[in-house]
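Engineer: Got a structure for you, written out below as structure tokens; questions coming shortly.
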Amino acid sequence: MLNKINDAKEKFLQNIEKVDSAKLLEELRIKFLSRNGIVSMLFEEFKSVPSQEKRAIGQGLNALRQELQAKYEALKTRIESKGKASAPEIDLTLPGRAPAQGTAHLITQTMNEIISIFKKIGFSVITGPEIESDRNNFGALNFPEDHPARDMQDTFFINRDFLLRTHTSPVQVRIMESQEPPVRAIMPGRVYRNEAINSRSYCMFHQIEGLFVDENVTFAELKGTLVHFAKEFYGNNVKYKFRPSYFPFTEPSAEMDITCFICGGKGCRVCKHSGWLEILGCGMVDPNVFTSVGYDPEEITGYAFGMGIERIAMLKHDIKDIRLLFENDVRFLKQF
Ligand code: DAH
């Protein structure tokens with residue numbers, strides 16, 4: 001009888017090894033611990049054990065039942081708690097976490113908007129390098145050597161002959177030197193100036209340059225194109241005026257102002273109470289520029305214009321500090 005008790009224990013231990021589900025656990029219980037299970041059967045047999053052996057066998061049987069019961073309970077708790085951990089804690093009604101989505105930088109957005117307006121009226125988009133020769137940035141654009149006009153743009157020089165371009169106008173020179181007229185292009189890009197950094201100026205910014213060269217291009221066409229741009233970009237009701245100005249590479253030169261879209265022209269802090277905002281520089285290409293690039297100023301004329309992107313974006317969105325556009329704090333950027 002004692003051997004049978006040991007066998008039952010051995011068998012139980014072998015069986016419980018393989019139990020990893022509630023279903024198998026229940027099968028184990030039925031086989032060993034139920035009313036008709038192996039343990040009960042042994043108790044049944046115990047009744048016919050001779051009385052002098054009863055004590056030892058009874059102890060053995062009780063110990064067997066206790067041990068199997070305890071092992072069964074322990075495994076039962078483990079299996080049940082495992083089920084709990086994975087099932088009820090997944091809340092399928094919880095909204096998912098959307099991956100953070102980036103947007104184009106405000107400067108890129110503004111640039112793309114301007115580019116698309118000019119593309120629709122036949123301008124192609126051409127870019128040039130940010131490291132430029134002194135000759136393309138100044139000389140070929142009719143800034144004479146040692147002329148005070150060079151002081152209009154504080155320059156980062158790399159050496160005597162090369163510099164970080166101070167404007168996108170040198171791309172005009174590159175285009176005209178590489179193709180015959182007619183030319184109709186806009187030139188977006190980053191430019192650099194050695195200026196004190198504050199809320200209004202930064203050491204780099206972006207411009208879009210425009211150039212149209214052909215036979216008999218007139219100032220009226222320049223105005224027509226820029227007025228079209230202003231209406232597309234600022235709205236049909238925008239009022240504008242052209243003021244005479246000076247740039248070495250255009251003659252005559254002008255600056256274009258539009259009515260302040262913050263106050264509608266009444267006068268406010270943004271337009272310094274004038275009711276007007278300057279948005280770009282422009283003019284008819286100076287004959288000296290045509291000569292520098294090998295075009296014949298007797299045969300062709302052209303107009304050019306240039307505008308600063310940061311200024312346009314800042315005015316449009318009432319941004320008071322240009323540095324915000326370069327610090328790239330997402331809390332700022334994601335508003336646009
Ligand atoms: N390059 C000038 C600047 O940075 C802007 C400009 C003015 C460009 C008149 C032009 C132009 O093409 O015709 O201040």
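Engineer: Is it the case that some residue within region 159-182 is crowded, with 18+ Cβ neighbours inside 10 Å, away from the ligand (no atom under 12 Å from the Cβ), in contact (Cβ under 8 Å) with a residue 24 or more places away in the chain and of a type in the set (G, A, S)?
Structural biologist: No, region 159-182 contains no residue that is crowded, with 18+ Cβ neighbours inside 10 Å, away from the ligand (no atom under 12 Å from the Cβ), in contact (Cβ under 8 Å) with a residue 24 or more places away in the chain and of a type in the set (G, A, S).
Engineer: Which of the residues belonging to region 99-127 are open to solvent by 90 Å² or more (accessible area, probe 1.4 Å) and in a loop (DSSP other than H, G, I, E, B)?
Structural biologist: Correct list: P99, A100, Q101, T103, T127.
Engineer: Further question: Given the structure, is Q153 crowded, with 17+ Cβ neighbours inside 10 Å, touching a residue at least 24 places away in the same chain (Cβ under 8 Å), farther than 25 Å from E113 by Cα and of a type in the set (S, T, N, Q)? Walk me through how you get there before you give the answer.
Structural biologist: Numbers: crowded, with 17+ Cβ neighbours inside 10 Å: yes; touching a residue at least 24 places away in the same chain (Cβ under 8 Å): yes; farther than 25 Å from E113 by Cα: yes; of a type in the set (S, T, N, Q): yes.
Answer is yes for this residue.
Engineer: Just a yes or no: is a residue in region 232-246 in contact with a Ser or Thr (Cβ under 8 Å, 6 or more places away or on another chain), open to solvent by 20 Å² or more (accessible area, probe 1.4 Å) and near the ligand (Cβ under 10 Å from one of its atoms)?
Structural biologist: Yes, region 232-246 contains at least one residue that is in contact with a Ser or Thr (Cβ under 8 Å, 6 or more places away or on another chain), open to solvent by 20 Å² or more (accessible area, probe 1.4 Å) and near the ligand (Cβ under 10 Å from one of its atoms).
Engineer: Related question: Would you mind telling me which numbered condition in (1) farther than 30 Å from K334 by Cβ; (2) loosely packed, with under 14 Cβ neighbours inside 10 Å K31 fails?
Structural biologist: (2)
Engineer: When region 9-21 is examined, which residues are found to be surrounded by 13 or more Cβ atoms within 10 Å (Cβ to Cβ) and either part of a helix (DSSP H, G or I) or in contact with a Cys (Cβ under 7 Å, 6 or more places away or on another chain) (or both)?
Structural biologist: K9, K11, F12, N15, I16
Engineer: Taking region 252-308, which residues are open to solvent by 40 Å² or more (accessible area, probe 1.4 Å), within 16 Å of the ligand (Cβ to nearest atom) and among the hydroxyl-bearing types (S, T, Y)?
Structural biologist: S292, T301, listed by residue number.
Engineer: Select, from M176, M111, the only residue that is in the same structural domain as Y295 (by TED's automatic domain parsing) and closer than 19 Å to I312 by Cβ.
Structural biologist: Matching residue, one of M176, M111: M111.
Engineer: Something else now. Counting only residues that are away from the ligand (no atom under 15 Å from the Cβ) and crowded, with 18+ Cβ neighbours inside 10 Å, which one in region 309-318 is modelled with the lowest pLDDT?
Structural biologist: This residue is L315.
Engineer: Could you grab me the full set of residues in region 196-217 that are within 16 Å of the ligand (Cβ to nearest atom) and open to solvent by 60 Å² or more (accessible area, probe 1.4 Å)?
Structural biologist: R200
Engineer: Just one of (1) in a strand (DSSP E or B); (2) free of Cβ contacts under 8 Å to residues at least 60 places away in the same chain; (3) over 16 Å from I312 (Cβ atoms) trips up N237, so point out which.
Structural biologist: It is condition (1) that N237 fails.
Engineer: For region 128-225, which strands (runs of 3 or more DSSP E) that fit wholly inside it have 3 or more residues that are within 22 Å of T291 (Cβ to Cβ)?
Structural biologist: Of the strands (runs of 3 or more DSSP E) lying wholly inside region 128-225, those with at least 3 residues that are within 22 Å of T291 (Cβ to Cβ) span 183-192, 204-214.
The values are calculated or read from the model by the stated rules, or taken from the named source; none is laboratory data. Computed from a predicted structure; not experimentally measured. Because the Cβ atoms are built from the backbone with ideal geometry, glycine has one as well, and the counts that use them run over all protein chains shown. Please note that ligands, DNA and RNA were not included when accessible areas were found on the heavy atoms of the full protein model with its side chains. Shrake-Rupley method; radii C 1.70, N 1.55, O 1.52, S 1.80 Å.
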